[in-house]
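Chemist: Sending over a structure as C-alpha cells; questions will come in a sec.
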Amino acid sequence: MELLKQRILHDGKCPSEGVLKVDNFINHQLDAQLLMMIGVEFARRFAYSRATKILTIEASGIAPAVMTGYCMGIPVIFAKKAQPCTMDKVLQSQVHSFTKDMDYNIVVNSEYIKPNDRILCIDDFLAYGSAAESLIDIVNQSGATLVGMGFV
C-alpha cells in the first residue's frame, strides 16, 4: 500500500536496529483515516477468504482489525493479555512481545470461535512471528479454519 509506505518513510522512526517506531500514527496515537484505508486494503486482499470473524491481539492489533472487520462486515475478536474473572472457558496461548521483551498468556473466550468459523488474523506488525504463532494456536484449538493472516 503506497500511502502506508509513504507515511512510514515520512513519520516513522528507527530508534534502534531492527525497530520501526510508528506510534504517532498506528499503535499509540491513531490516524483513523489511514487505518480505515488499511482496513479497506485488507478487506480487498482477503475478499476471497469468506472469513466469518477476525482475530487479533490487544492492544495494537485492535484498530486495524476493527477497520477491516467494519469493511468486511464481520465481528472482531481480540485475545486478551490477562484473563478476566468473567471468562471461564478459554482458548489460550503464550506470546512473546518483541517490543516489551515479555511473555504473555493470551486468552479468548471459547464461545466466540466455533469449529465452523473461518478466521482471518489481522495484527499491527510481524516481528519474529510469535504473535502470529499464538493466533494460529488459538484458531487450531478452536477447530476453526484459518483463512488468512494480514499484518500492517
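The values are calculated or read from the model by the stated rules, or taken from the named source; none is laboratory data. Owing to the predicted nature of the structure, the values given are computational and were not obtained by experimental measurement. Methodologically, a virtual Cβ is constructed for each residue, glycine included, from the backbone with ideal geometry; neighbour enumeration extends over all protein chains shown. With ligands, DNA and RNA removed, areas are computed over all heavy atoms of the protein, side chains included. Shrake-Rupley method; radii C 1.70, N 1.55, O 1.52, S 1.80 Å.
Chemist: Could you please state how large a percent of the accessible area of the chain is carbon and sulfur, counting protein chains only and using a 1.4 Å probe?
Modeler: Solvent-exposed carbon and sulfur of the chain make up 54 percent of the total.
Chemist: Picking from ALA63, ALA82, ALA132, which is most flexible by a Gaussian network model of the chain using Cα springs under 10 Å?
Modeler: ALA82
Chemist: Return the long-range amide H neighbours of PHE125 (sequence gap of 5 or more, or a different chain), with a cut-off of under 5 Å between placed amide H atoms.
Modeler: Distant-sequence amide H within range of PHE125: VAL152.
Chemist: Continuing with the same structure: Quick one: in segment 1-58, what % of C-alpha pairs are over 15 Å apart?
Modeler: Tail of the P(r) past 15 Å holds 60 percent of the pairs.
Chemist: I want to verify a result. In a Gaussian network model of the chain, Cα cutoff 10 Å, which of these has the top mean-square fluctuation: VAL19, VAL107, VAL76?
Modeler: Fluctuation is largest for VAL19.
Chemist: Related question: Would you mind working out the magnitude of the charge dipole of segment 39-97 relative to its Cα centre, with +1 at each Lys and Arg C-beta and -1 at each Asp and Glu C-beta, to the nearest 20 Debye?
Modeler: With only Lys, Arg, Asp and Glu charged at Cβ, the dipole is about 140 debye.
Chemist: Right, something else. Please work out how many pairs of lysine residues in the chain are eight or more positions apart (or on different chains) and have Cα atoms closer than 17 angstrom.
Modeler: 11
Chemist: Just to be sure I understand: with springs between alpha-carbon atoms less than 10 Å apart, which residue in MET87, MET37, MET102 has the highest mean-square fluctuation in the Gaussian network model of the chain?
Modeler: Looking only at MET87, MET37, MET102, the largest GNM fluctuation is found for MET102.
Chemist: Now, a different point. Binned at 10 Å from 0, what are the whole-percent values of the Cα-Cα distance distribution for segment 88-138, short to long?
Modeler: Taking every Cα pair in segment 88-138, the percentages come to 23, 52, 23, 2.
Chemist: Pull up all non-local amide H partners of ILE77: gap of 5 or more, or a different chain, and H-to-H distance under 5 Å with H placed in the peptide plane.
Modeler: Correct list: ILE54, LEU55, THR56.
Chemist: Still on this model: Are there trypsin sites (Lys or Arg not before Pro) in segment 1-54 that DSSP marks as loop and that have at most 16 other Cβ atoms within 10 Å, and which are they?
Modeler: For trypsin sites (Lys or Arg not before Pro) across segment 1-54 that sit outside H, G, I, E and B with at most 16 neighbouring Cβ atoms in 10 Å, the list reads ARG50.
Chemist: Farthest toward the dipole's positive end in segment 27-152, which of LEU126, ALA63, MET102, given Cβ charges of +1 (Lys, Arg) and -1 (Asp, Glu) about the Cα centre?
Modeler: Looking along the dipole axis, the top candidate is ALA63.
Chemist: Radius of gyration and Dmax for the chain's Cα atoms, expressed in Å?
Modeler: Values for the chain (Cα only, Rg and Dmax): 15.2, 45 Å.
Chemist: Okay, next question. So which GluC sites (Glu not before Pro) in segment 57-152 end up in coil per DSSP with only 16 or fewer other C-beta atoms within 10 Å?
Modeler: Of the GluC sites (Glu not before Pro), the ones in loops of segment 57-152 whose Cβ has at most 16 other Cβ atoms within 10 Å are GLU58.
Chemist: What fraction of the DSSP beta bridges in the chain is antiparallel, stated in percent and rounded to the nearest 5?
Modeler: Around 45 percent antiparallel, to the nearest 5.
Chemist: Next question. Do the sum for the chain: with -39,500 (n - 2.57) for every DSSP H run of n ≥ 4, divided by all residues, what is the mean residue ellipticity at 222 nm, to the nearest 500 deg cm²/dmol?
Modeler: -10000 deg cm²/dmol
Chemist: Per residue, how many Å² of accessible area does segment 40-152 show with a 1.4 Å probe?
Modeler: 52 Å²
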